[in-house]
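What follows is a short report on a single structure.
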Amino acid sequence: MIGNYIKTSSRNLLRNRLFSFINVVGLAISMSVGLLLIAFVMDLWSYDRFHENGDRIYRITSVATFNGEQAGKFGTTSIKTGKLIRQKVTGVDDVAILRTDFSQDARVGDNVLPVKGFWADPSVFNIFTLPMIEGNPATALNEPYSIVLTETAARKLFGAQSALGKSIRFDTLSYRVTGILKDVPFFSHISFEALVSLSTAEQLNRNNADFGKWTSMSSNYVYLLLPEDADRASIQSQLDALAKAENLAQENTRIELELLPLYSIVVGETLRQSEGGPGSVGPHMPLAVLWILGGLALVVILSACFNYTNLSVARAMRRFKEVGIRKAIGAGRDQVWQQFLAEAILISLAALLLSFFLFLLLRPQLISLAPEMQRTVKLDLTLSMVVAFVFFSVAVGVIAGFLPALFFSKVSAINALRNVSSVNLFRHVPLRRALVVTQYTLTLIFITATAIGYVQYKDILAFDLGFRTDNILNIDMQGNQPDALMKELGEMPEVAAISRSLIVTSVGNAWGGFMKYSDSRDSALVLTNHVDEQYMVLHDHKLLAGGNFKAPPATAAAATEVIVNQQVLKRLKIADNPDQAIGKEITFTNFSGTRRMTIVGVIRDFHYGKVDNLIEPVAFMPWTPGDRSIINVKLQSADLPATRAKIESTWKKIDRVHPFRAELYDEAIEEAYSEYSTMIKIIGFLSILAISIASMGLFGMVAFTTETRLKEISIRKVMGASSGSLVYLLSRGFLVQLSIAALIALPITYLFFERFVLANFPYHNPIRLIELLGGLLVVWVIALLMIGSQTMKAAKTNPVETLKME
């Protein structure tokens, strides 16, 4: 029976080559998107699956509240949290603590290489599956100044000889290699070159009172291994009690603890970034993004399925006799249904072969969309992925063939010669018209969303941030003191000005603390940057009152001057007039302590964060030698790449170990919004596919309609109808359907952007008419070309050739 279905379907497909070609190509194009999405999702779900106890591993999430203001969820927590859980929480098999700030230059003889990794306690090997090639995992991280290297890191430092037992110098300290691990798999949310005993970090920070505090949650991660039959509710209640007890000793900070499953770290809730530490170590993809991408891919696939349904129903009159004969000789409804479904699946499997080659072609393009993509997925073929592709192809065939199969299976032998055009999807709406309108509605939504998104993205990049960013090169000193490089740069004619800062603003970086004025109970979160006296001049910040810093302090604790923006004055009610704020004293508290400071200047408000955030209270504080250093270089050169290369050669004289890390300010801003750029590229790509698929479907429908109406066209020509009137007659129905689609799609797209997307951008520009109508114009031109080419061909047909047999 199956062989008969395949043979019959194959003959029918070969007999209707245009129908088959449109469906195979349309399904192949749409299915290639599905294959990319399947490979993407399978890669994401592959993360951390190599851990033998992965389903029992959880990470602690911190829910922080500062000064009564909800700060959000953080992936980090304090070292004290890990130790308290180990001591007080029952029902936990093991606890591991990782700290992320190990990044130093390793010296082995004359060989110097930067090494990055974690400070870790010995339990890390009990929780995670990290096979050790040499050494004993039970003791490797017990002693201070012990280090475990990955296989690749050991080879870089020691070559072919065994690294076990050898010494490595970091700064002035010597560390002993106590183990060699296999390289961490690509699909791991934690990646490192070395693990250093946590007891070493504790010794190095023994004079740092904040290191072991309950509130010092920057850079620390705590993992739990729970028993197979663990009572999560009981463990959570113990965590709540532990947090409650610790929070009693805190004045302005509350931290709650939650359990996060290992498999929900990469694909799951987005966690906030803590000051001095990342929000979540390793790659991350919000679940909502996967749902959005899946929804977009489904729309493109459904568009191709609509083509199949449209053309199948359009060809119904030609196949009614076939169905009638089948039923007359005894075929049941199920057999007819299976026949047409088998035909759709056969087309889908044929499309799978073409879509696979498109997948191979598009795969590198998807990976290269953004740097984060290259670090997150590989999209390599696996057996499970190929099986998923085949199941996906069959599923698409079933979806595409379901309505035609159901339609033909319900036709009785008696009604087999009736006109199919009377079949309605709803009470008064013909099936084919409803599908065409739906398909073009989705296509118009795609292309209009792309146009609006692209224009808004370009507006964001050109937005007035409140200061100058053009021709400014930001150089990360990577731990080096800036004086030597600044001296060299100052002698270059291409350099107009130089300044120093702690961070680069307006690209998502954040630093700050809490500021108080007269009311000790009222504190405000104020974002800060540490800058020198040249910074405001170089970036053209507008000083509204007061002046610049008078004298740079030697240490951060000695800094007593502060420059604030207008929002600080409003939030803390310091003064209505900027001049009145000069000389006022405030109290500032951050991770390094509390100090009194005097306002010496007020600057105009500017965008410290991204433009999807409201302008917030911001303060500039004096840069000190102990701060991280970013050198800001104002360039005056017609050849920026050559100037950059010249600066890089100067860098190599000062630091031969670390690669030159510098970025033009405008490029950094563009990179900060790369996720929007990537999303626009993806939606734009899907728009092109949707238009292509819809156009092919429309071409097939027009070709079939004109073919079935050739006799009518010939008779009208004999009666005196012009070619223009015939084109209008044949295209009128399709153009009406496109107009209905536009009336539905454009308002939906406009409201979606205004109510949901652009509502997150308080400073966005209004949507312009050209953005809404541009996509419609493109679709209309393509549709007119499809319709016009076929209708003109039919209109020019010689009536004698068509009617000579009548």
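The values are calculated or read from the model by the stated rules, or taken from the named source; none is laboratory data. All figures in this text were calculated on a predicted structure; none of them were measured in a lab. Neighbour counts are summed over all protein chains in view; Cβ atoms, including those assigned to glycine, are modelled from backbone coordinates with ideal geometry.
Yes/no per residue for (1) assigned by TED's automatic domain parsing to the domain that holds Arg107; (2) under 27 Å from Ile265 (Cβ atoms); (3) in contact with a helix residue (DSSP H, G or I) (Cβ under 8 Å, 6 or more places away or on another chain); (4) touching a residue at least 12 places away in the same chain (Cβ under 8 Å):
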{"site": "Lys166", "(1), (2), (3), (4)": "yes, no, yes, yes"}
{"site": "Arg206", "(1), (2), (3), (4)": "yes, no, no, no"}
{"site": "Phe211", "(1), (2), (3), (4)": "yes, yes, yes, yes"}
{"site": "Pro227", "(1), (2), (3), (4)": "yes, yes, yes, yes"}
{"site": "Leu242", "(1), (2), (3), (4)": "yes, yes, yes, yes"}
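Quick one: Ser197 ticks every box in (1) over 30 Å from Pro131 (Cβ atoms); (2) among the hydroxyl-bearing types (Ser, Thr, Tyr); (3) touching a strand residue (DSSP E or B) at 6+ places or on another chain (Cβ under 6 Å) bar one, so which box is it?
Of (1) over 30 Å from Pro131 (Cβ atoms); (2) among the hydroxyl-bearing types (Ser, Thr, Tyr); (3) touching a strand residue (DSSP E or B) at 6+ places or on another chain (Cβ under 6 Å), only one is false for Ser197: (1).
Are any residues in the range 497-531 charged (D, E, K, R) and modelled with pLDDT of 95 or more, and if so, which ones?
Result: Arg500, single match.
Scanning for something closer than 30 Å to Val390 by Cβ, surrounded by fewer than 17 Cβ atoms within 10 Å (Cβ to Cβ) and among the aromatic types (Phe, Trp, Tyr), does the range 35-45 turn up at least one residue?
yes
If only one of Leu271, Leu248, Leu287 is at pLDDT 85 or above and over 30 Å from Ile345 (Cα atoms), which one is it?
Leu248
Which of the helices (runs of 4 or more DSSP H) contained wholly in the range 612-722 include at least 2 residues that are within 30 Å of Thr448 (Cβ to Cβ)?
Answer list for the range 612-722: 665-672, 674-708.
Quick one: how many residues across the range 24-53 are hydroxyl-bearing (Ser, Thr, Tyr) and over 30 Å from Leu130 (Cα atoms)?
Of the residues in the range 24-53, 2 are hydroxyl-bearing (Ser, Thr, Tyr) and over 30 Å from Leu130 (Cα atoms).
Suppose we keep only residues that are part of a strand (DSSP E or B) and not β-branched (Val, Ile, Thr) within the range 479-512. Which one would you say is nearest to the chain's Cα centre (by Cα)?
Per the criteria, the residue is Gly512.
Has the range 644-656 got at least one residue that is of a type in the set (A, V, I, L, M) and under 32 Å from the mean Cα position of the chain (by Cα)?
yes
Can you report the number of residues in the range 159-203 which are at pLDDT 90 or above, in a loop (DSSP other than H, G, I, E, B) and of a type in the set (Val, Ile, Thr)?
Result for the range 159-203: 2.
Going by the conditions given, is Ser62 more than 30 Å from Arg521 (Cβ to Cβ), among the hydroxyl-bearing types (Ser, Thr, Tyr) and either assigned by TED's automatic domain parsing to the domain that holds Thr382 or touching a residue at least 24 places away in the same chain (Cβ under 8 Å) (or both)?
Judged against the criteria, Ser62 is not a match.
Of the residues in the range 590-631, how many are under 21 Å from Ala554 (Cβ atoms), among the β-branched types (Val, Ile, Thr) and in contact (Cβ under 8 Å) with a residue 24 or more places away in the chain?
Final tally of qualifying residues: 5.
Within the range 474-491, identify whether any single residue is under 30 Å from Leu614 (Cβ atoms) and modelled with pLDDT of 90 or more, and answer yes or no.
Yes; the residues of the range 474-491 include at least one that is under 30 Å from Leu614 (Cβ atoms) and modelled with pLDDT of 90 or more.
Which one of these is surrounded by fewer than 17 Cβ atoms within 10 Å (Cβ to Cβ), in the same structural domain as Thr77 (by TED's automatic domain parsing), without any contact (Cβ under 8 Å) to a residue 40 or more places away in the chain and within 38 Å of the chain's Cα centre (by Cα): Arg155, Arg176?
Being surrounded by fewer than 17 Cβ atoms within 10 Å (Cβ to Cβ), in the same structural domain as Thr77 (by TED's automatic domain parsing), without any contact (Cβ under 8 Å) to a residue 40 or more places away in the chain and within 38 Å of the chain's Cα centre (by Cα) holds for just one of Arg155, Arg176, which is Arg155.
Of these, Leu362, Leu379, which one is on the phi > 0 side of the Ramachandran plot, modelled with pLDDT of 85 or more and surrounded by 14 or more Cβ atoms within 10 Å (Cβ to Cβ)?
Leu379
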